[in-house]
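K.L.:
First the structure, which I've put down as structure tokens, then a few questions once you've had a look.
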Amino acid sequence: MQRQILHVDMDEFFAAVEKLDNPSLRGKCLLVGGDPAGRGVVSTASYEARPFGCHSAMPMSTAVRLCPQAIVLPVRGDRYAEVSRQVFEVFDRYTPLVEPLSIDEAFLDVSGCLRLFGGAEQIARAIKADIRRQIGLTASVGVAPNKFLAKLASDLRKPDGLVVITPENLRATLDSLPVRKLWGVGPTGEKRLHAAGITTFGQLLGAGAAKLAEAFGDMADHYRGLAEGLDDRPVVPDSQAKSISQECTFAVDVGDIEQLRSVLLEQVEQVAHRLRRGGLKGRTVTLKLRTGDFTTVTRSATLAEPTDLTEELRVKSEELLTTWWNKHRRPLRLLGMGVHQLAAGGQLPLFDQPARQKQQHLDQTLDDITKRFGHGAVRRAGGGDR
Ligand code: TTP
Ligand code: MG
């Protein structure tokens, strides 16, 4: 089955945040970076400044010479990190398979959630719309069957672009691209290729094996594969740092344990559903508990093996809640539940765990119903063996 990968890259990111926070900067030449008097470099040049030749990583003094009317702004790293978190929160809504590349860029594998959202292009549009509506910024998105093509695609129509590469338009999109856009080809590789008369992807594919070996040596097949649009590297979520969680702040502090259990069950169901949708399993269960005086504590437990089964997560979460409750018995302002230490799912052993198989089957059925009728359409009964 063909994968569906998105590459999302924010437009002129640092400059865009500056414009967001100070609209009078819109439409102006901006250089965000170090001090022009010292040895500062440009982190971002706004799109308005780029036609003057200004770009990232050049000395600020050079950029100011090229574009004297530019407004020079210092880097506000904390603010950019804050906006970056908001952007990544949008990604997390669509898939847990998010691989961050930098502060403003990520790969998303959406192969597992196409039906839920109506297709990869729809997901790309929805993500762009969320980022525009909720954050006020624009992003460029590439959609393709692999990471290399998705990244190429996101770069083709910046800013505010959306490019979908399909098997049908693959050659038409790629053939005329300069070889510099092949992942791994730097200035030296480019020179060597140009010397061999190869300037585009199409020419590279048309070149004979001997010519390619001359330019690339042992890497010839690798680059030919890239020019053909092949790349099977998986999207690797930052799984150690990442978690999937759900929390709820109550309007009135809740001191009824049955009510708390029922909220927790709902959270477990949603978290487990998101795990399964992303083909992930989690090893550590964490509860977050905040009492009326705003004291917040967390309680964690590690499972014998990673799971995506609602029932296994429910049992562990309820144990944690019950243990805490028996000791403190204090009303809660907030209750949250999350799963950490995520790993790609993999197959369950098939024969020796009939009970788990049954749970898996039940989860699948509920997921199908949720897919068709939405969250809350069906709930497993609370209670059970506590
Ligand atoms: P990029 O995505 O490379 O650039 P960009 O978002 O400014 O512009 P584009 O629309 O072309 O994507 O980098 C993201 C941010 O990372 C950028 O706003 C500033 C920072 N950065 C640096 O600090 N130094 C650098 O050399 C580069 C390339 C980026
Ligand atoms: Mg960017």
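The values are calculated or read from the model by the stated rules, or taken from the named source; none is laboratory data. Please read these numbers as outputs of a predicted model, since none were measured by experiment. Glycine also receives a Cβ, built like all others from the backbone with ideal geometry; neighbour counts cover every protein chain displayed. Heavy atoms of the whole protein, side chains included, go into the accessibility calculation; ligands, DNA and RNA do not. Shrake-Rupley method; radii C 1.70, N 1.55, O 1.52, S 1.80 Å.
K.L.:
Taking only the alpha carbons of region 14-77, what extent do you get along each of the three principal axes, in Å, biggest first?
P.N.:
27, 25, 15
K.L.:
Let me ask you something else. Accessible surface of I123 in the full protein assembly, 1.4 angstrom probe, to the nearest 10 Å²?
P.N.:
Spelled out: I123, probe radius 1.4 Å, area about 0 Å².
K.L.:
With just the Cα atoms of region 14-147, tell me how far they stretch along each of the three principal axes, in Å, largest first.
P.N.:
Computed over region 14-147, the largest-to-smallest principal extents equal 54, 29, 26 Å.
K.L.:
Compute the Kirkwood hydrodynamic radius of region 301-341, taking the inverse of the mean of 1/r over all pairs of distinct Cα atoms, and give it in Å to one decimal.
P.N.:
Numbers: mean 1/r = 0.0867 Å⁻¹.
Result for region 301-341, one decimal place: 11.5 Å.
K.L.:
A further question on this structure: With every protein chain kept in place and ligands, DNA and RNA left out, what is the accessible area per residue of the chain? Probe 1.4 Å, answer in Å².
P.N.:
49
K.L.:
Carbon and sulfur together cover what percent of the accessible area of region 14-77 at a 1.4 Å probe radius?
P.N.:
Numbers: 1940 of 3230 Å².
The nonpolar share, carbon plus sulfur, comes to 60 percent.
K.L.:
A further question on this structure: Using the Cα atoms of the chain, I'd like the radius of gyration and the largest Cα-Cα distance, Dmax, both in angstrom.
P.N.:
Calculated on Cα positions, Rg and Dmax stand at 25.2, 77 Å.
K.L.:
Which value in Å is the Kirkwood Rh of region 157-222 over different Cα pairs?
P.N.:
Details: mean 1/r = 0.0777 Å⁻¹.
Over region 157-222, the inverse of the mean reciprocal pair distance is 12.9 Å.
K.L.:
Further question on the same structure: Let me know the charge dipole size of the chain about its Cα centre in debye, to the nearest 20, where only the beta-carbon of Lys, Arg (+1) and Asp, Glu (-1) is charged. Each step should come with its number before you reach the end.
P.N.:
Details: 51 positive and 47 negative charges, 83 e Å.
That gives a dipole near 400 debye.
K.L.:
Need one value: the accessible area of E82 in square angstrom, 1.4 angstrom probe, rounded to the nearest 10.
P.N.:
Here the accessible area works out near 80 Å².
K.L.:
Follow-up question, since we're still on this one. Working with all protein chains in place, sort E190, E319 by solvent-accessible area computed with a 1.4 Å probe, largest first.
P.N.:
Working: E190 45, E319 90 Å².
These residues rank, largest area first, as E319, E190.
K.L.:
Using Cα springs under 10 Å in a Gaussian network model of the chain, which residue among A150, A49, A106 shows the largest mean-square fluctuation?
P.N.:
A49
K.L.:
Among K28/K128; K128/K191; K316/K358; K147/K281, which pairs are too far apart, with a Cα-Cα distance over 26 Å?
P.N.:
On the way: K28/K128 23 Å; K128/K191 37 Å; K316/K358 18 Å; K147/K281 23 Å.
Among K28/K128; K128/K191; K316/K358; K147/K281, the Cα-Cα distance tops 26 Å for K128/K191.
K.L.:
Probe radius 1.4 Å, ligands and nucleic acids ignored: give me the carbon and sulfur share of the accessible area of region 202-301 as a rounded percent.
P.N.:
Working: 2460 of 4900 Å².
Ligands and nucleic acids excluded, carbon and sulfur give 50 percent.
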